[in-house]
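Report on one structure; see the data block that follows.
The values are calculated or read from the model by the stated rules, or taken from the named source; none is laboratory data. Being a predicted model, the structure only gives us computed values, none of them experimental. Virtual Cβ from ideal backbone geometry, glycine too; neighbours counted across all protein chains shown. These accessible areas exclude ligands, DNA and RNA; they are computed on the full protein's heavy atoms, side chains included. Shrake-Rupley method; radii C 1.70, N 1.55, O 1.52, S 1.80 Å.
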Amino acid sequence: GGRRMSTGFSEGWGGTPLWQLKEQQEKLKKQVQEAAEAVHKPVGDGWIDHPTSGWLFHPYRHIFFQPSTGEYLVYTGGRHVRVAAPIVRPGAECPVTVAADRWTNPGDLCVLLRDLKATGQQLKFPMGHLDSPCTMFCLFEPLRGRTAAEWCARRLHSKILPRLAGLESGDHKKLPDVLRLAFEQLDKDLCAEQDPGFTGCSAAVGLVVGQYLAVASVGRFKVLLDSGTRRQLLSPHLPGDPKERDFVLAAGGTVDSVKGRAVVRRKEHDEGGEVLDDEAFLRRVLGAADPFGALAVKGEVSRETLRSQYRRRSLLCHPDKVPAEFRDLAEQAFVALDAALQRIERLLEATSAQLVTDLCAVLTKPAAIIFAGVEAANLAKVGNELIDRLKVLTPMDPDMVILARAKIEGAIALGCSDFPTNLEPVPVTRGLGLRDLKAHGVVRGSPSTDLVALQPGDHTLLIAAEQQEELMSCVQELRGFPRAACLRAATKLGNPTCVAAFIGVQRAEKEPRPKKARVEKPARVKIRQIMVRYVTDPSKKIVDPVRRKPVERTKHEAELMLMDALLHLKKVPGDFPILAKKLSECESALKGGASCGDLGW
C-alpha cells in the first residue's frame with residue numbers, strides 16, 4: 001500500500017519526464033535572455049558591433065553601449081564618461097502637415113525630399129530619433145553655367161544626412177549649424193573640382209523637423225515666411241547690400257555695373273587704387289580683417305612705412321575732417337588705426353622685419369598671388385613651409401597667426417594658383433564654387449541661416465530669387481495647393497523660379513478629450529472630379545471621350561486649365577457641376593444636373 005517510486009532513467013525525482021524538464025529549462029532560459037535584452041537594449045537605430053571592445057558603437061554620435069550592463073560611454077571633456085541614462089529617444093509624431101512644390105526655369109534645379117527620414121534610412125543613416133514630419137526642399141540657380149548647380153543638387157543631401165544622424169534627440173537649436181556645416185563642406189568639395197569649381201551657383205534650403213523650420217541660403221535667394229504677418233527670414237547676398245559691398249571692397253574686389261546689374265569681380269594685379277567717399281573709406285578701415293589691412297600696408301614692413309601709412313590714413317578719418325553725419329564712424333576708425341599701429345610695432349620689436357613682412361603678404365594678398373608661379377603639385381609643400389615659419393609669431397599675436405594659417409590652408413585646398421582670365425563677374429557676394437573669386441577672398445561660401453519654432457496655425461514659406469513679395473501674394477491666393485500656387489505665380493509673373501511650402505501646425509490640447517464611442521470608418525466615399533487629358537507623345541493619338549475630338553494640349557496647358565478652375569471653385573464652390581460639364585474629359589461629365597462629374601460611391 002506504499003507510494004510507488006520510479007526507478008527508470010526517463011523521469012526526474014518528482015516523476016516528471018526528462019524531455020519535459022529540458023523543455024521547461026529551455027523556455028526559462030529564453031525568458032531570461034529576452035528580459036535581459038529588453039532591459040539592456042540601446043535606444044534608437046544605427047548601432048553596430050565594435051570590432052574589439054565587445055560594446056555597441058554609434059558611428060554618427062560617437063558613443064558606446066554595453067549590452068550586459070546597459071551603460072553608455074560618452075566622450076566629453078577630453079575623456080570617456082559612463083552614463084546610465086539613454087542618450088537618444090525615438091522621434092515624436094508632431095501635429096504638423098507639410099505640402100510643398102516648386103516652379104523652376106530652364107537651367108535652375110530643385111530637389112524635394114518629402115520624407116527625409118525614409119531617404120536617410122534607405123542610405124543607411126539612422127533617422128529614427130528625428131521628429132516627424134521631416135521634409136527638405138532645395139533650390140539651385142547657376143551663375144556661370146549649369147555644371148555647379150547640377151553637381152550640388154546631387155550631393156547636398158549627402159552632406160546633411162550624416163549631420164542629422166549625429167544630432168541628439170530634440171536638439172533642434174543645432175539645425176542651423178547642420179545646414180551651415182553642410183554648405184561649407186559642399187563648397188569646399190566643389191572648389192576642389194576643376195570645372196564645376198569655377199562655375200558656381202546660388203543655393204537655398206528649407207528643412208522642417210517636427211515643429212521647427214531651419215533655412216539657409218547663399219547667393220540670390222530670399223526666404224519669406226507668412227504666419228499671418230509676413231517677415232523676411234533670409235536676405236539675398238547682393239553687391240547692392242552695403243555690408244556685403246563693404247566686405248568685397250575690403251577684400252580687394254571691385255563692384256561694377258553690367259547691363260544695369262551690380263556684379264562682383266576680382267581686381268587685376270596691376271589695377272591702381274580707387275577713390276572712395278568718406279563713408280566707404282571709414283567702413284573699409286573698420287571692416288579690415290587684420291591690422292595690416294586697416295593701415296593698407298603693402299610690401300616691406302618697417303617702422304618708417306608704418307608711421308607714414310598711419311599719418312596719411314589718420315588724417316583721412318580724423319573726426320574733424322569728415323562730415324558731421326560720419327563723425328561717430330570716424331572716431332571708431334581713428335581708434336582702430338591706433339590699435340593696428342601698436343599691434344604691428346609690438347611684432348617688429350619682438351622679431352625680424354622679414355618675418356613680419358611675410359605675415360603681411362599672407363594676410364593682405366589674395367591666395368592666388370601669394371602662390372603665383374608655384375606649381376599645383378608643390379603648393380602643399382610651399383604652404384606648409386610658410387606655416388612653419390610663421391609659427392614663431394604665435395606667442396606674440398596668436399590671432400594673426402591663426403588667420404594666416406587658415407588663409408594658407410584654404411589656398412592649398414583650392415589646389416591652384418593660376419586661374420583662367422576670361423571668367424565672368426557674378427551678381428552675388430556669396431555662392432557655392434566660384435573658385436577664382438574665393439582664392440582672391442572677394443566672395444564667401446558661408447550661408448546665412450535662421451531657425452523658427454512654428455506656432456499653431458498656418459504658415460506659408462517662399463524661397464525665390466526675384467519678385468519675392470509679388471510671388472508671396474500670388475501663392476497666398478491658393479493656400480494649401482502648392483502645385484497650383486506655384487503654377488499661378490509662374491503664369492502671372494513670368495516664370496520666376498520658386499519653392500512654395502504650406503505648413504499647418506495644430507494646437508496641442510491641454511486636457512485630453514473624453515473618449516468617444518467607437519465609430520466605424522466609412523467603407524465608401526463619394527467622389528467628384530474634373531479630369532483634363534494631355535499629350536506626352538505626339539505619335540500617340542488621345543481622344544476626348546465626351547466631345548469625340550482629338551486632344552492636342554500639353555501638360556502645362558492642362559495644369560493651367562485646372563488652376564483656373566480651382567481659383568473659380570474657391571470663390572464659388574457650387575459651380576462644380578458647371579465646370580465639370582464645360583472642362584472635364586471623363587465620361588462622368590455626361591451625367592446631368594448636379595451629378596455631372598460624379599464618380600459615385
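Of note:
- Gain on full stretching of the segment that runs from Ser446 to Ile48 - 0.36 nm per residue minus C-alpha separation: 139.9 nm
- Kirkwood Rh in Å, taken over all unlike Cα pairs in the stretch 86-174: 14.6 Å
- Shape of the stretch 132-236, Cα gyration tensor, a/c cut at 1.5: oblate
- Cβ-Cβ FRET estimate between Leu403 and Gln476, R0 fixed at 60 Å, reported to 0.05: 0.80
- The label point for Gln20 and the one for Lys173, both projected 7 Å from the Cα toward the Cβ, are 6.4 nm apart.
- Within a straight-line Cα-Cα reach of under 19 Å, Lys321 can be paired with the following aspartates and glutamates, leaving aside sequence neighbours fewer than 8 residues apart in one chain: Asp277, Asp278, Glu279, Glu331, Asp338.
- Rounded, prolate or oblate (a/c below 1.5 giving rounded, otherwise prolate when a/b exceeds b/c) for the stretch 99-150 by Cα gyration tensor: prolate
- Accessible area in square angstrom per residue, the stretch 310-393, 1.4 angstrom probe: 54 Å²
- Whole-number D in µm²/s for the stretch 306-391 (Stokes-Einstein; Kirkwood sum over Cα pairs; 25 °C, 0.890 mPa s): 158 µm²/s
- When each of the peptides 201-207, 145-151, 323-329, 105-111 is scored by the mean number of other C-beta atoms lying within 10 Å of its residues, the order from highest to lowest reads 201-207, 145-151, 105-111, 323-329.
- Gap separating the Cα centres of the stretch 272-349 and the stretch 113-141, nearest whole Å: 50 Å
- Tensor-based shape of the stretch 400-506 (alpha-carbon gyration tensor, a/c under 1.5 rounded, otherwise prolate or oblate): oblate
- Share of carbon and sulfur in the accessible heavy-atom surface of the stretch 173-321 [1.4 Å probe, %]: 47 percent
- For Lys540, a cut-off of 19 angstrom between C-alpha atoms picks up these aspartates and glutamates, skipping any fewer than 8 places away in its own chain: Glu552, Glu557, Glu585.
- 27 Å Cα-Cα threshold exceeded, pairs from Lys259/Lys438; Lys298/Lys381; Lys188/Lys259; Lys549/Lys581; Lys159/Lys259; Lys438/Lys492: Lys188/Lys259; Lys159/Lys259; Lys438/Lys492
- Geometric extent, Cα atoms of the stretch 182-337 - Rg, Dmax (angstrom): 20.1, 62
- Each peptide in 433-439, 477-483 gets a packing score, the mean of other Cβ atoms within 10 Å over its residues, and the list from highest to lowest is 433-439, 477-483.
- Sorting 485-495, 538-548, 235-245 by their mean Cβ neighbour count within 10 Å, with the most densely packed peptide first, gives 485-495, 235-245, 538-548.
- With R₀ set to 35 Å, the beta-carbon distance separating Leu599 from Thr97 gives a calculated FRET efficiency near 0.85.
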